[in-house]
Amino acid sequence: MTIRPRRSALYMPASNSRAIEKARSLPCDVVILDLEDSVAPEAKAEARANAVAAVRDGGFGGREVVIRVNAFGTPWAEDDLKAAAASGADAILAPKVGDAHMVGRYHAAMANAPAGMGFWAMVESSRAIFRLDAIAEAMAARPGAFVLGTNDLAKEMGARLTVERTPFLGMMALAVAAAKGHGLAILDGVYNAFDDEEGLARQCVEARAYGFDGKTLIHPRQIEIANRGFGPDAEEIAWAEAAVAGFAAPENAGKGAIRVGGEMVERLHLDQAHRILAMAGAPISVDRPS
Ligand code: COA
Ligand code: MG
């Protein structure tokens, strides 16, 4: 099993080749090649071809590469899904997933995609909010994640999207509970004001407190803030490194509890230590006895 950091997930229009090229060297954990909202109808075919070529050419290092397709009901959905499923991307992100039935349709469209390819669902409609548990449950067949679409939610509900996001806090908590209850990752919605670093930092602190794994982003300037907001601090990293090193030491082989500094650390804490180190940067492979 691999624990992956998903502190920062940067969207870019797949029609924008310059942005894709840039993404290969940006410090984001996830690159989302968008075929949907950020791409104009006349650029859809070119964006699709660009996304497929970008994945094929590679060069993204340890970053996860995800393709956001157009929704069922649009003229582009079938072609997008076919191309994305065969692309070798890490996951497909589907917009406006409103119920478990729709998850089934996407999974069916991905029947020939590699088993390890993820299916990520945008949570961005009022309809989805009351079906979160069923939607998450229906996603069991593939590695999955929820991605909040707060812009679309705000638009549909007529709610105001402020820095504090008071109208959305209840939905955020429910989405985290549904995701974590079914072993999914969950990423927070974007912050549109990309010049306002303080506002973004506030949203990251809050989303982390709710249990989000990271935040979706729209501009490279937002990456470091999200990495800091969702990553562990220096003290947590030091503890995790000491715990891992402690259990790896030959004199501790076979022990269930050891001393690290002035504290007892048990084997069950190793999971936590691995997760912290993964969240600090590189994906970490963890071998577990099954
Ligand atoms: N991914 C990768 N690179 C990006 C980027 C992104 N999302 N947004 C901007 N950049 C690059 C630009 O290409 C530019 O690079 P350059 O200086 O080498 O040419 C640099 O970062 C600075 O960009 P800047 O001039 O500040 O922004 P812009 O005016 O070019 O673009 C947006 C502003 C909002 C149009 C752009 O950030 C964007 O398209 N964001 C993503 C939108 C999206 O995908 N939305 C869907 C999900 S909500
Ligand atoms: Mg949307």
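Could you tell me whether ALA86 is open to solvent by less than 10 Å² (accessible area, probe 1.4 Å) and at pLDDT 95 or above? Even if it seems obvious, please write down each step before you answer.
Details: open to solvent by less than 10 Å² (accessible area, probe 1.4 Å): no; at pLDDT 95 or above: yes.
Criteria not met by ALA86.
Could you list, in sequence order, the residues of the range 200-226 that are buried (at least 19 other Cβ atoms within 10 Å of the Cβ), outside any loop (DSSP other than H, G, I, E, B) and touching a residue at least 60 places away in the same chain (Cβ under 8 Å)? Matches in the range 200-226: GLY214, LYS215, THR216, LEU217, GLN222, ILE223, ALA226. Within the range 118-145, the only residue that satisfies the criterion of being assigned to a helix (DSSP H, G or I) and out of contact with any helix residue (DSSP H, G or I) (no Cβ under 8 Å at 6 or more places or on another chain) is ARG127. Scanning the range 72-81 for residues that are open to solvent by less than 20 Å² (accessible area, probe 1.4 Å) and among the small types (Gly, Ala, Ser) turns up just one, ALA77.
Consider ASP37 carefully, then state whether it is more than 12 Å from ligand 1 (Cβ to nearest atom) and either acidic (Asp, Glu) or open to solvent by 10 Å² or more (accessible area, probe 1.4 Å) (or both).
Details: more than 12 Å from ligand 1 (Cβ to nearest atom): no; either acidic (Asp, Glu) or open to solvent by 10 Å² or more (accessible area, probe 1.4 Å) (or both): yes.
Spelling it out, it is not the case that ASP37 is more than 12 Å from ligand 1 (Cβ to nearest atom) and either acidic (Asp, Glu) or open to solvent by 10 Å² or more (accessible area, probe 1.4 Å) (or both).
Applying the criterion of being aromatic (Phe, Trp, Tyr) and either part of a loop (DSSP other than H, G, I, E, B) or outside the structural domain of SER38 (by TED's automatic domain parsing) (or both) to the residues of the range 146-199, the residue that is farthest from ligand 2 (Cβ to nearest atom) is PHE194.
The values are calculated or read from the model by the stated rules, or taken from the named source; none is laboratory data. Just so we're clear, the structure is a prediction, and the values are computed from it rather than from any experiment. Glycine gets a Cβ as well: all are built from the backbone with ideal geometry, and neighbour counts include every protein chain shown. What goes into the accessible areas is simple: the full protein's heavy atoms, side chains included, and nothing from ligands, DNA or RNA. Shrake-Rupley method; radii C 1.70, N 1.55, O 1.52, S 1.80 Å.
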